[in-house]
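Take a look at the structure below.
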Amino acid sequence: MGMTMTQKILAAHAGLDHVEAGQLIEARLDLVLGNDVTTPPAIDVFAKTCACGVFDKSRVAIVPDHFTPNKDIKSADNCKKIREFAREKGIENYYEIGDPQMGVEHVILPENGLVAPGDAIIGADSHTCTYGALGAFATGVGSTDLACAMATGQTWFRVPEAIRFDLTGKFRENVTGKDLILWIIGKIGVDGALYESMEFTGPGVADLSMADRLTICNMAIEAGGKNGIFPVDERTLEYIRTFAPDRYAASSYTAFSADADAEYVSTYQIDLADVPLTVSFPHLPENTHTVGTFEPIEIDQVVIGSCTNGRLEDLREAARFFAGRTVKKGVRCIILPGSQRVWNEALAEGLLKIFVDAHCVVSASTCGPCLGGHMGILAKGERCVSTTNRNFVGRMGHPESEVYLAGVPVAVASAILGRIAGPDEL
Amino acid sequence: MIAKGKVFKYGDNVDTDVIIPARYLNTSVPSELAKHCMEDIDTTFVSRVQPGDILVAGKNFGCGSSREHAPIAIKASGISCVIAPSFARIFYRNAINMGLAILESTEAAEAIQNGDEVSIDFETGTITDVTTGASFQAKPFPAFIRKIIEADGLVGYIATQK
């Protein structure tokens, strides 16, 4: 029996020639990640492991991004704790506020060259699965697993089964990777890939930008998936050449591809031309609707950013629609570039001026409102269209507020029109 | 190891944001988290829950974030076990690491009603609805997982192994 991409990466990191779905393995890790919410409890656990230091100072990343710049005294205390831990343990990949490489964890780790094809990565953040876009195995864990992995550089895994999404064709105009992943979650449900890998293959992959692939893998967890993963192609290698030049030059990466006889629990054939502009209604990502098929829904706020859609390509797309237009009076539009690098490049390209001229507010790079932290909390009864990844009850604020998930073109059109709308209505 | 208590029942896809809303994640102190457990879907949970009580829910319990604060909040609120047809993957792993007992049983999750008195034998995986007399069989945890739960979590378990 052949192996999937994920199974091959896990086998390589367990020192095994072959693994099968359901097998429990102990695997070596290339990178271990924590943030300002999950690292503080991990530090307490780490102390109890009696480890003197982290397993490899260059393979641990700690990113203050959720409640930063700190929203209150408790979150400031937490960031102080992780800052001191990073300094004490000599952790090389700690990204302080204002550092040119800082930002939202899943935007900056690939940008800062910490991810390459074939890597095995865990992070104490559920959206760690983002890195599958680069042909890596990456999955979310809790703080205790983070602590033990920081100490040992290893963790245990149950080798997952996989679902294959065979992509063909090309997106219609203004349809994005976000629409594809929302549409898939609408089809298979929020537990449709529970415990499983989501492997995206087929000739349609070639047309998906790296930003689209990162968005798609980011939301694998919203279908219950253990990880999402794309094969490595020319675009992946170009990305690595740009953002991880040392590893590219040294060929210190491995492009795994699935065996022809790899086993999949199910396979979905998807023509990208069939994917519509999609919105997930409250309060689950699976509550998907096609733009243009529902009665007008007026909104109070739009959020553009996050580890799902806060990349430079997303901001370019937003600026394309905002140029010469303004946000509807009475609606607030908050733009959060995903990293300081994205912020700076958006500034250089004139995108930030387009946003400000369009009456948006541009925030520092933070997770902020996505998880109801700060920088855009919703009041009772308010509605928001957001390019983020979750619309659970109370996710962005009051338990009686509502979040509608969408891609950037729909979010921008909605901000301009004051109701959920597609860009063709502009 | 036996658990016994009154049932709090909820639906499918109970997510980590309603188990413990992110606005309270600026702390990881269990007693602080317990004060806000489930409050976005049940404002009365915290005032009614008693030590030993049991949470029964629909499929995909604990979906969403990787926050370990979710099983910590449930455990600190006094809940002795969560029964559901399925659990989200990261929650499943975190619950065991935190020493929160969880059992998968579609039959029990469907049949047991809110407010029923339920007892659980973790060694055999037998779930008994004392109120109705019905009995259900969940797959019991292997011994080492039971030991993790008895040791109050993975850290306590590692300490017992030294």
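Kindly count the pairs of lysines across the stretch A:5-270 whose alpha carbons are less than 18 Å apart, treating pairs on different chains or eight or more residues apart as eligible. Final tally of qualifying lysine pairs is 12. The Rg/Rh ratio for the stretch A:97-187, using Cα coordinates for both the radius of gyration and the Kirkwood hydrodynamic radius, is 1.02. Shielding value for B:61-74 is 6, the average number of Cβ atoms from other chains within 10 Å of each residue's Cβ.
Largest GNM mean-square fluctuation across A:Met198, A:Met210, A:Met219, computed for chain A with C-alpha springs under 10 Å, falls on A:Met210.
Taking the charge dipole of chain A about its Cα centre, with +1 at Lys and Arg Cβ atoms and -1 at Asp and Glu Cβ atoms, the residue from A:Phe230, A:Ile354, A:Ser126 reaching farthest to the positive side is A:Ile354.
A 1.4 Å probe run over the protein assembly as shown, with the rest of the protein chains in place, finds 35 Å² accessible per residue. As a fraction of the 1.4 Å probe accessible area of the stretch A:278-425, surface on carbon and sulfur atoms comes out at 50 percent. Quarter the surface of the alpha carbon convex hull of the stretch A:171-305 and you get the mean projected area, 10.0 square nanometres.
Averaged over peptide A:31-40, the number of partner chain Cβ atoms lying within 10 Å of each residue's Cβ comes to 2.
The simple spin-label model puts a point 7 Å past each Cα toward its Cβ; for A:Glu234 and A:Lys80 those points are separated by 5.4 nm.
Against the globular-protein guess of 2.2 N^0.38 Å, express the Cα radius of gyration of chain B as a ratio, rounded to two decimals. Can you show the working numbers first?
Values: Rg = 14.6 Å, N = 162, 2.2 N^0.38 = 15.2 Å.
In units of the 2.2 N^0.38 Å rule of thumb, it is 0.96.
Using Cβ point charges alone (K and R +1, D and E -1), the dipole size of the protein assembly as shown about the Cα centre works out to roughly 1220 debye. Using a 4.7 Å Cβ-Cβ cutoff, the cysteines of chain A lacking any partner cysteine are A:Cys50, A:Cys52, A:Cys79, A:Cys129, A:Cys148, A:Cys217, A:Cys307, A:Cys367, A:Cys370, A:Cys384.
Note on the stretch A:306-398: Cα-Cα pairs beyond 22 Å make up 26% of the total pair count. Near A:His18, once Lys and Arg are set to +1 and Asp and Glu to -1 for all other residues with Cβ below 14 Å from its Cβ, the sum equals -4. Charge dipole (Cα centre; +1 on Lys/Arg Cβ, -1 on Asp/Glu Cβ; no other charges) of the stretch A:5-270 amounts to roughly 440 debye. The charge dipole of the stretch A:25-131, taken about the Cα centre with unit charges on the Cβ atoms of Lys, Arg (+1) and Asp, Glu (-1), comes to about 300 debye, rounded to the nearest 20. Chain B contacts chain A over a buried accessible area of about 3100 Å², both sides summed; the probe is 1.4 Å and only protein chains count.
How big is D for the stretch B:26-119, in µm² s⁻¹ as a whole number, if Stokes-Einstein is applied with the Kirkwood radius of its Cα pairs at 10 °C and 1.306 mPa s? Taking Rh from Cα pairs, D becomes 118 µm²/s.
The Cα center of the stretch A:362-426 and the Cα center of the stretch A:1-57 differ in position by 34 Å. These residues, A:Thr267, A:Thr236, go from largest to smallest accessible area, 1.4 Å probe, as A:Thr267, A:Thr236.
Think of the stretch B:83-162 as a dipole: +1 on every Lys or Arg Cβ, -1 on every Asp or Glu Cβ, centred on the Cα centre; then among B:Thr106, B:Pro140, B:Val130, B:Pro140 lies furthest on the positive end.
Lysine pair count for chain B with Cα-Cα distance under 23 Å and sequence separation of 8 or more or different chains is 20.
In the protein assembly as shown, helical runs assigned H by DSSP with n ≥ 4 each contribute -39500 (n - 2.57); averaged across all residues and rounded to the nearest 500, the mean residue ellipticity at 222 nm is -8500 deg cm²/dmol.
For A:Asp233, the solvent-accessible surface computed with a 1.4 Å probe is close to 40 Å², ligands and nucleic acids excluded.
Distance from the Cα centroid of the stretch B:103-143 to that of the stretch A:241-319 is 40 Å (rounded to whole angstrom).
In the context of the full protein assembly, A:Trp343 retains an accessible surface of approximately 80 Å², using a probe radius of 1.4 Å and ignoring ligands and nucleic acids.
For the stretch A:189-196, putting each phi into the Karplus relation 6.51 cos²θ - 1.76 cosθ + 1.60 with θ = phi - 60° gives couplings of x, 6, 10, x, 10, 3, 6, 9 Hz, in residue order, rounded to whole numbers and with x for Gly and Pro. Explain nothing, just the number: relative contact order of the stretch A:5-270, from Cα pairs under 8 Å at least 6 residues apart, as a whole percent. Value for the stretch A:5-270: 24 percent.
Let me know the shape class of chain A, please: from the alpha-carbon gyration tensor, a ≥ b ≥ c as square roots of the eigenvalues, rounded when a/c is under 1.5, otherwise prolate if a/b is greater than b/c, or oblate. Verdict is oblate for chain A. Counting only protein chain heavy atoms and rolling a 1.4 Å probe, the accessible areas of B:His69, B:His36, A:His359 rank, largest first, as A:His359, B:His36, B:His69.
The values are calculated or read from the model by the stated rules, or taken from the named source; none is laboratory data. Because the structure is predicted, anything quoted here is derived from the model rather than measured. Quick reminder, even Gly has a Cβ in these numbers, built from the backbone with ideal geometry, and neighbours come from all protein chains shown. Just so you know, the surface numbers come from the protein's heavy atoms only, side chains and all, with ligands and any DNA or RNA stripped out. Shrake-Rupley method; radii C 1.70, N 1.55, O 1.52, S 1.80 Å.
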